[in-house]
Amino acid sequence: MQNEIGTSQQMTTVDSKVSLTPGCRPDDLGKPRHDRHPAHDRLLHGQNRALRLLARGGALEEVLETLVRGAESAAPGMIASILLVQDGRLKHGAAPSLPDWYCRAIDGTEIGPAVGSCGTAAHLRQRVVVIDIQADPLWKNFRDLAARAGLGACWSEPVFASDGTCLGSFGTYYATPRAPSQDDLDFIENAAQVAGIAIERRRSETLLQEAMARAERASQAKTAFLAHMSHELRTPLNAIIGFADMVDSEMFGPIGGRNQGYVRDIAGSSRHLLGILTGLLELSRIEGSAVTAEPVDLNAVTADVADSFAGRIEQKRLVFSRRICPDAGRVVSDAGALRQLLTNLLDNAVNYTPPGRAVQLEALCSREPDHGREEVWVRITDNGPGIDTSRLPHVREAFHGFGGLTSRSGSGMGIGLAIADRLARMIGATLDIESRPDEGTCVTLRLPQVPDAGHRGSESRDALAT
């Protein structure tokens with residue numbers, strides 16, 4: 001039993017007739033229902049209701065009031081309350097049977113060594129038993145309030161969190177002076193423990209929500225910063241590239257072989273930086289965008305994407321092929337996000353594949369073995385330098401090009417595949433990446449197919465793979 005302070009006789013001499021639940025002891029809780037005292041059934045019922053309400057996400061005030069009413073139903077004539085401790089002051093938690101004016105008068109009171117039963121219990125972190133409020137010095141400053149409210153005795157148990165922090169107090173009041181029995185003390189200790197569970201969980205959830213809100217605000221600020229800086233830097237870079245191209249074309253007259261090389265270096269470096277800024281802007285755009293799942297014509301989307309690379313493919317003399325299985329049909333996706341995703345993947349393949357080698361874009365049907373889901377697999381394969389095995393697990397991370405994790409040829413910041421991975425997750429797709437150094441890379445995008453698309457399932461995949 002915890003230590004108590006207050007004006008009382010020896011606890012062992014208190015007559016059992018003042019017990020909260022006469023004839024009932026705490027060990028009744030472990031007995032079969034037919035052997036338990038009805039009062040304990042009422043107490044358990046109230047506590048279970050409060051905990052179920054907590055699990056369903058009920059407001060803390062509602063949970064605590066349910067707990068208090070359950071305690072009061074188990075002890076006719078007793079008034080219960082729960083006070084919270086915030087910044088060293090008592091704050092109203094639940095006291096449905098106390099007058100509103102009394103609760104308002106106590107709310108905000110600073111805890112201390114002589115602040116009634118509840119304020120003292122929270123301050124000293126131990127049980128406080130006051131048998132006669134009008135005669136006890138702990139209630140010196142609150143006797144008039146208690147008399148007006150008709151309170152004669154008050155016993156209070158501090159409420160603790162799992163780490164020992166005092167969260168508040170659980171108090172019981174009687175209209176006349178009264179001393180507790182051991183049953184009474186066990187009762188309020190049990191009630192305080194349940195109150196501690198409820199308060200700590202709800203406060204933890206609140207702290208988590210606040211942390212998530214702060215993280216979201218920080219993410220939004222970062223996104224806004226990246227978008228603003230990318231825009232501000234892209235404008236002068238485009239001007240630099242434009243003027244460099246004009247000089248390189250000798251529009252204003254011959255510039256000489258060495259100077260022409262310098263101009264081309266300026267244009268090339270500017271384009272490289274512009275690509276990085278474009279990637280940053282794309283990352284910021286993705287984080288704040290929403291997608292709409294709808295049937296999308298995969299053949300049309302892949303044709304548009306392939307056509308947009310025709311010039312670069314011809315310039316690098318790449319061997320390009322696009323093969324779409326007739327059964328691939330339509331997929332469930334967002335047309336804009338899917339187009340951007342395939343553009344990023346094909347851009348990577350064209351960018352890193354040396355002149356004269358092959359790049360393939362193909363689509364085939366498959367059934368997902370674990371979930372039985374009909375899927376369309378879109379594969380982009382290149383014969384480029386591939387990705388080192390040790391670096392492959394990191395290619396989905398933004399800026400993996402830093403810290404020695406350079407991408408493929410050693411240039412770039414590692415944004416392309418990070419953007420592709422985020423886009424894939426946004427549209428409910430899966431991105432698989434396979435690569436071998438000096439052999440090439442194969443990226444497979446697994447998309448859900450529109451139901452009843454009329455394809456032949458795995459037969460299409462096998463036919464296209466041969």
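I'm checking a number: the convex hull volume of the Cα atoms of region 295-392, normalised per residue, in Å³. What is it? The partial results should precede the final answer.
Details: hull volume 11.0 nm³, N = 98.
Considering the Cα atoms of region 295-392, their hull volume per residue is 113 Å³.
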- Item | Label-point separation in nm, Met246 to Gln134, each point 7 Å along Cα→Cβ | 9.9
- Query: Residue by residue through region 101-117, which ³J(HN,Hα) values in whole Hz follow from phi under the Karplus form 6.51 cos²θ - 1.76 cosθ + 1.60 (θ = phi - 60°), with glycine and proline marked x?
  - Reply: 5, 5, 4, 5, 5, 7, 4, x, 5, 6, 6, x, x, 8, 10, x, 7
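Please find the FRET efficiency linking Ala303 to Leu207, where r is the Cβ-Cβ separation and R0 is fixed at 60 Å, and quote it to the nearest 0.05.
Rounded to the nearest 0.05, the efficiency is 0.70.
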- Query: When N is the residue count of region 98-151, what does its C-alpha Rg come to as a fraction of 2.2 N^0.38 Å?
  - Reply: 1.06
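At 1.4 Å probe size, put Met78, Met229 in order of accessible surface, largest to smallest. Before the final figure, lay out each step's value.
Details: Met78 10, Met229 70 Å².
Largest to smallest exposure gives the sequence Met229, Met78.
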- Once phi for every residue in region 184-193 is put through the Karplus expression 6.51 cos²θ - 1.76 cosθ + 1.60 (θ = phi - 60°), the whole-Hz ³J(HN,Hα) values, with Gly and Pro written as x, are 4, 5, 5, 4, 5, 5, 5, 5, 5, 5
- Message: For Glu374, what accessible surface area do you get with a 1.4 Å probe? Give it in Å², rounded to 10.
- Response: 50
- Task: Once you have the Cα-Cα distance between Val319 and Phe225, take 0.36 nm times their residue separation minus that, and quote the gain in nm to one decimal.
- Result: 29.8 nm
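Please list Lys140, Lys91, Lys316, Lys222 from largest to smallest accessible area, probe radius 1.4 Å, with all protein chains kept in place.
Values: Lys140 145, Lys91 70, Lys316 45, Lys222 90 Å².
Most to least solvent-accessible, the answer reads Lys140, Lys222, Lys91, Lys316.
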- Query: Along each of its three principal axes, how wide is the spread of alpha-carbon positions in region 211-282, in whole angstrom units, largest first?
  - Reply: 61, 16, 13
- On full extension of the chain, what length is gained from Thr176 through Glu62, given 0.36 nm per residue of separation minus the C-alpha to C-alpha distance? 38.2 nm
- Along the three principal axes, how long is region 29-180 when you take its alpha carbons, biggest first, rounded to the nearest angstrom? 45, 32, 27
- Query: If the chain between Leu237 and His394 were fully stretched, how many nm would it gain, using 0.36 nm times the residue separation less the Cα-Cα distance?
  - Reply: 53.5 nm
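Given R₀ = 30 Å, what would the calculated FRET efficiency be for Ser73 paired with Arg148, taking r from the Cβ atoms and rounding to 0.05?
On the way: r = 26 Å, r/R0 = 0.85.
My answer for the efficiency is 0.70.
Past the 13 angstrom mark, what percentage of all C-alpha to C-alpha distances in region 178-229 do you count? Don't skip to the answer; put the middle values down first.
Working: 950 of 1326 pairs.
When every Cα pair of region 178-229 is considered, 72 percent fall beyond 13 Å.
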- Message: How big is region 131-284 along each principal axis, measuring the range of its Cα positions in Å and listing the largest first?
- Response: 108, 30, 19
- Estimate the FRET efficiency between Glu439 and His272 by the formula 1/(1 + (r/R0)^6), using the beta-carbon distance for r and 45 Å for R0, to the nearest 0.05. 0.95
- Message: Can you list residues from other chains, or at least 5 along the same chain, whose modelled amide H is less than 5 Å from the amide H of Val130?
- Response: Cys154, Trp155, Ser156
- Item | Long-range HN-HN contacts of Val159 with modeled amide H, under 5 Å | Leu167, Gly168, Ser169, Phe170
- Query: What percent of all Cα-Cα pairs in region 94-190 falls in each 10 Å bin, counting up from 0?
  - Reply: 16, 52, 29, 3
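The values are calculated or read from the model by the stated rules, or taken from the named source; none is laboratory data. Predicted model only: the values in this text are computed from it and were never measured. When we count neighbours, we look across all protein chains shown, and the Cβ atoms used for this are built from the backbone with ideal geometry, even at glycine. Heavy atoms of the whole protein, side chains included, go into the accessibility calculation; ligands, DNA and RNA do not. Shrake-Rupley method; radii C 1.70, N 1.55, O 1.52, S 1.80 Å.
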